[in-house]
Amino acid sequence: MIKHKTIMGKKEFRTLDLFAGVGGIRLGFEKAGFKTIFANDFNKTCKETYDLNFDEPKLTVKDIWKLDIKDIPKFDILLGGFPCQSFSIAGYRRGFNEARGNLFFRIAEILEERKPQAFLLENVKNLKGHDKGKTFKIIEKTLKELGYHTKSKVLNSMTHGNIPQNRERIFIIGFLDKKKAEVFDFPNEIPLTKNFKEFTANEAEDKYYYNEKPLYEKIKNDINSEETVYQWRRKYVRVNKKGVVPTLTANMGLGGHNVPIIKNHKGIRKLTPKETFLLQGFPENFKLPDIASGALYHQAGNSVTVPVIQRIAENMKIVLEGGRINPQELLN
């Protein structure tokens with residue numbers, strides 16, 4: 001199991017890990033000194049990865065609508081990277097008209113019945129602008145009616161996690177205690193000191209290379225630098241000029257598209273599943289089960305960037321313990 005370097009504090013706060021996926025949010029919060037008491041997701045394949053890496057609690061695979069709220073153990077903080085397809089730019093933008101969008105209201109029901117001290121929700125950047133801002137206003141209004149004082153901010157993995165991935169996500173935090181909400185601050189930007197090459201291996205299995213495969217002839221002339229990350233966009237090669245990886249998505253690997261491409265001494269290849277997990281800030285010792293690469297790409301792209309979560313969790317812990325965040329500490 002993963003050994004976490006935790007930040008010890010005055011009290012161990014218990015977290016509820018909803019829409020847990022493979023445990024990215026859990027990992028960030030445990031690194032900050034929180035204790036996970038229950039985890040749930042609907043995806044059976046995620047359980048293989050989740051249970052391989054965490055001790056109790058293991059992942060409970062169940063439709064969240066069928067979870068009996070009364071059976072959930074006592075917890076202090078609700079965590080939820082709730083499904084974002086309904087709100088994403090890539091989706092159909094139907095928002096609350098889709099069942100996946102309505103899952104937010106299940107979170108609201110749990111908050112209403114159990115009244116934890118605080119919560120953290122994560123979603124795609126576009127959530128704030130969906131339906132001309134109406135969707136986000138409904139979310140804020142619902143949370144306010146439940147007694148929570150909220151703050152939200154869009155953070156980027158490359159500017160807030162020192163991870164070379166251009167990934168923007170919106171984070172919403174809420175506290176029952178108004179004063180705690182007022183003193184909470186999201187982490188500030190920090191310098192990006194890491195290059196994508198630090199997260200990629202010199203060698204990879206032949207199956208990840210495009211050499212001698214049909215696509216190779218279409219991309220070989222455009223993919224010419226080992227210092228750049230590329231993408232095949234069905235008809236053309238997209239160049240990512242900042243030396244970072246483009247946003248890792250949940251549909252990576254579907255039809256051979258969207259997995260970032262690099263060039264090395266052996267040829268042109270896509271990132272391996274392991275590399276996509278590393279580029280989400282998962283530790284080197286995070287284990288991947290022997291399942292289809294497509295499933296692993298999906299899990300990585302559907303997860304969160306762990307260092308970003310950890311920095312938010314550290315600030316939440318300071319506030320929950322009655323402290324105030326030193327502006328200088330936000331830069332650490």
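Bear in mind that the values in this text are calculations on the coordinates, not laboratory data. Keep in mind the model is a prediction, meaning the values are calculated, not measured. Neighbour counts run over all protein chains shown; Cβ positions are idealised from the backbone, glycine included.
Run the simple label-point estimate for E112 and A292 please: 7 Å along Cα→C-beta, distance reported in nm.
3.9 nm
Highest first, please rank the peptides 74-83, 258-267 by the mean number of other Cβ atoms sitting within 10 Å of their residues.
Averaged packing, sorted descending, gives the order 74-83, 258-267.
Using the beta-carbon distance between K235 and F105 and R0 = 56 Å, what value does 1/(1 + (r/R0)^6) give for FRET efficiency, to the nearest 0.05?
About 0.90, to the nearest 0.05.
Less than 20 Å apart at the alpha-carbon level, and either on another chain or at least 8 residues along: which aspartates and glutamates does that give for K207?
Counting by Cα, and skipping residues close in sequence, K207 has these aspartates and glutamates nearby: E217, E226, E275, D290.
How large are Rg and Dmax for the stretch 196-286 when calculated on the C-alpha trace, in angstrom?
Looking at the stretch 196-286, its Cα Rg and Dmax stand at 12.3, 37 Å.
Let me check against my output: what whole-number percent is the relative contact order of the stretch 196-286, with C-alpha pairs under 8 Å and at least 6 apart?
Values: 112 pairs, mean separation 28.9, N = 91.
After rounding, I find 32 percent.
If you plug each phi of the stretch 121-134 into the Karplus form 6.51 cos²θ - 1.76 cosθ + 1.60 with θ = phi - 60°, what whole-Hz ³J(HN,Hα) values come out, in order, with x for Gly and Pro?
Per-residue couplings from phi come out as 10, 10, 7, 6, 3, 5, 3, 5, x, 4, 6, 6, x, 5 Hz.
Would you calculate a helix-derived [θ] at 222 nm for the chain, using -39,500 (n - 2.57) for each DSSP H run of n ≥ 4 and dividing by the full residue count, to the nearest 500? Provide the component values of the computation, followed by the final result.
On the way: 10 runs with 90 residues, N = 332.
About -7500 deg cm²/dmol.
Give me the percent relative contact order of the stretch 101-232, please, defined on Cα pairs under 8 angstrom at least 6 residues apart.
This gives 22 percent for the stretch 101-232.
Can you sort D290, D51, D17 by how many other beta carbons sit within 10 Å, fewest first?
Ascending number of Cβ neighbours within 10 Å: D290, D51, D17.
Find how much the distance from D63 to N188 grows on full extension, using 0.36 nm per residue of separation minus their present alpha carbon separation; answer in nm with one decimal.
Values: separation 125, 0.36 × 125 = 45.00 nm, distance 3.61 nm.
Full extension from D63 to N188 adds 41.4 nm.
Compute the angle between helix 306-320 and the longest alpha-carbon principal axis of the chain, please, reported from 0 to 90 degrees and rounded to the nearest 10.
Taking the Cα atoms of the chain, the angle to 306-320 is about 10 degrees.
If one takes the longest principal axis of the Cα atoms in the chain, at what angle in degrees, from 0 to 90 and to the nearest 10, does the Cα axis of helix 99-114 lie?
Relative to the chain, helix 99-114 is tipped by roughly 30 degrees.
Under a cut-off of 26 Å between alpha-carbon atoms, report the lysines in cross-link reach of K194, not counting same-chain residues fewer than 8 places apart.
K3, K5, K31, K125, K153, K241, K242, K263, K266, K270, K274, K287
May I ask you to derive the FRET efficiency for D71 and K151 from their Cβ-Cβ distance with R0 = 25 Å, giving the value to the nearest 0.05?
E between D71 and K151, to the nearest 0.05, is 0.20.
Taking the Cα centre as origin and putting +1 on Lys and Arg beta-carbons and -1 on Asp and Glu beta-carbons, what dipole magnitude results for the chain, to the nearest 20 debye?
Value, rounded to 20: 840 debye.
Can you list residues whose amide H is under 5 Å from F82's amide H, if they're 5+ apart or on another chain and H is modeled 1.01 Å from N?
When sequence neighbours closer than 5 places are left aside, the close amide H contacts are E122.
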